[in-house]
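The values are calculated or read from the model by the stated rules, or taken from the named source; none is laboratory data. Just so it is clear, the model here is predicted, and its values are computed rather than measured. Cβ placement follows ideal geometry from the backbone for every residue including glycine, while neighbour counts extend to all protein chains displayed. In case anyone asks, the SASA skips ligands and DNA or RNA and just uses the protein heavy atoms, side chains included. Shrake-Rupley method; radii C 1.70, N 1.55, O 1.52, S 1.80 Å.
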Amino acid sequence: MARVLLGVSGGIAAYKACEICRLLVRGGHEVVPLLTPGAERFVTAETFRALARRPPGDDVYLHLTRADLLLVAPCTANTLAKLAHGLADNVLTEAALAHRGPILVAPAMNPRMWSHAATRANAETLRDRGVALVGPDEGETAEGELGVGRMSEPEDIVRAAEELLAGTGPLAGKRVLISAGGTREPIDAVRFVGNRSSGRMGVALAAEARRRGARVTLLGANLAVASPPGVELVETPSAAELEREALARGLESDVVIMAAAVADYRPAEALATKRPKDRAAWTVELEATTDVLAELGNARVPGQVLVGFAADQGQRGLERAREKLTSKRADLFVFNDVGREDIGFETLDNEVTLISGGGERTVAKAPKEEIASAILDEVERLLG
Ligand code: CTP
């Protein structure tokens, strides 16, 4: 997920920044806390290191490295002035000058300081430069004064941060629907017909699409791994549920990636209770399920990118994947050779061949996160 520089300056609201830090970490972000000397009079760097789960002996120049967002909360009148004028006299103000990317500032100060012409001008300068401000809110200050100057609530600040993060990246504004995992088709109340898909590849795709700014919905079929933060998860344990949810959302999605192993067949009849064991043979009749990707292909809207996965074996499998690209009217097929033990099912790595109308490209064996990135590069290219 995103890397957030969390600048904390010296005001009584600094204690609330602990909660901001916690919420960002819970949202799956990497947080680099940057406390000014003034902030350390209110809170300790140690608290933030613990909340941000920073490893001991962090790089001292971490504040100068790449980050997706600089969030300054609380931002005192003094720090606001420094940011407006480009001063760099501590880690936070240095980071602000070195940072290339969105900046979000949550001012917190006495109402008379906030309404002072100097502060107003500084805030205006920052806004003109594209810096986003959240708050300050109206209410009672720590000193018991009423007016506008209180820092916004941590939840509101984190929401504003999430919005800024979502608004950036090459897939910003795009809706991406991804299915992942393997469906289970009930035979009776406790047994099912299933497959070995863990959902790792689809989950890696969801995380990467989110990181690139997309609004991501993940249709999860019995995932063995956690759904990434910031991604809407809809549980679709069986082919029928996956079909229903995918068709309901497919048309309004800019990109649909069918990474799930959807059962091609399901028991024609599932017993409502558990079938007790007896000596007799048990014949289960299987009926075909709907091909979700083919349905989406038939109903496709212009500009949409549809991606299918083909888990198959060898050269013949590759040829079949090429045929599926056409028959299912998809834009991209990701072929992976499940005949190999070292990639694919239940492994952390994968090696795939990307097949589209424009040609074919093999992505060498790599962790599924890197494969996800290569697939989304191709999706971006297809989106044009
Ligand atoms: N798929 C689907 N609905 C199904 C079955 C598959 O949407 N009922 C999608 C899968 O998510 C995947 C692609 O179609 O993106 C795989 O196509 P499929 O024809 O099922 O290929 P395989 O299962 O790989 O191979 P086979 O045809 O041999 O079963």
- Task: Considering only segment 1-40, state which residues are among the charged types (D, E, K, R) and within 15 Å of residue 63 (Cα to Cα).
- Result: 3, 30
- Checked segment 132-173 for anything part of a loop (DSSP other than H, G, I, E, B) and modelled with pLDDT of 95 or more; matches are 134, 136, 151, 152, 153
- Note on the structure: residue 117 passes all but one of the listed conditions (1) free of Cβ contacts under 8 Å to residues at least 60 places away in the same chain; (2) open to solvent by less than 50 Å² (accessible area, probe 1.4 Å); (3) of a type in the set (A, V, I, L, M); the exception is number (2)
- Query: So which helices (runs of 4 or more DSSP H) are wholly in segment 287-384 and hold at least 3 residues that are open to solvent by 20 Å² or more (accessible area, probe 1.4 Å) and free of Cβ contacts under 8 Å to residues at least 40 places away in the same chain?
  - Reply: 314-327, 368-383
- From the list 50, 2, which residue is open to solvent by less than 40 Å² (accessible area, probe 1.4 Å) and of a type in the set (Gly, Ala, Ser)? 2
- Condition met for residue 11 (closer than 17 Å to residue 154 by Cβ, modelled with pLDDT under 95, open to solvent by 10 Å² or more (accessible area, probe 1.4 Å) and more than 21 Å from the chain's Cα centre (by Cα)): yes
- Message: Conditions first: (1) modelled with pLDDT of 95 or more; (2) surrounded by 16 or more Cβ atoms within 10 Å (Cβ to Cβ); (3) not in a strand (DSSP E or B). Residue 178 passes all but one, so which condition is the exception?
- Response: (3)
- Query: Just for segment 222-238: of the residues that are assigned to a strand (DSSP E or B) and among the aliphatic types (A, V, I, L, M), which one is nearest to the ligand (Cβ to nearest atom)?
  - Reply: 234
- Please state which one of 252, 241 is assigned to a loop (DSSP other than H, G, I, E, B), open to solvent by 50 Å² or more (accessible area, probe 1.4 Å) and closer than 23 Å to residue 304 by Cα. 252
- Note on the structure: Counting only residues in segment 83-92 that are open to solvent by less than 30 Å² (accessible area, probe 1.4 Å) and under 19 Å from residue 124 (Cβ atoms), the one nearest to the chain's Cα centre (by Cα) is identified as 83
- Item | From the options 362, 347, residue that is within 16 Å of residue 260 (Cα to Cα) and hydroxyl-bearing (Ser, Thr, Tyr) | 347
- Item | All positions within segment 255-286 that are part of a loop (DSSP other than H, G, I, E, B), surrounded by fewer than 17 Cβ atoms within 10 Å (Cβ to Cβ) and within 16 Å of the ligand (Cβ to nearest atom) | 264, 268
- Message: Tally up the residues in segment 307-330 that are more than 9 Å from the ligand (Cβ to nearest atom) and on the phi < 0 side of the Ramachandran plot, please.
- Response: 9
- Test residue 219 against the stated conditions and say whether it is in a strand (DSSP E or B), more than 16 Å from the ligand (Cβ to nearest atom), closer than 29 Å to residue 26 by Cβ and assigned by TED's automatic domain parsing to the domain that holds residue 297. no
- Task: Looking only at segment 185-193, decide whether some residue is modelled with pLDDT under 95, of a type in the set (Gly, Ala, Ser), more than 15 Å from the ligand (Cβ to nearest atom) and open to solvent by 50 Å² or more (accessible area, probe 1.4 Å).
- Result: no
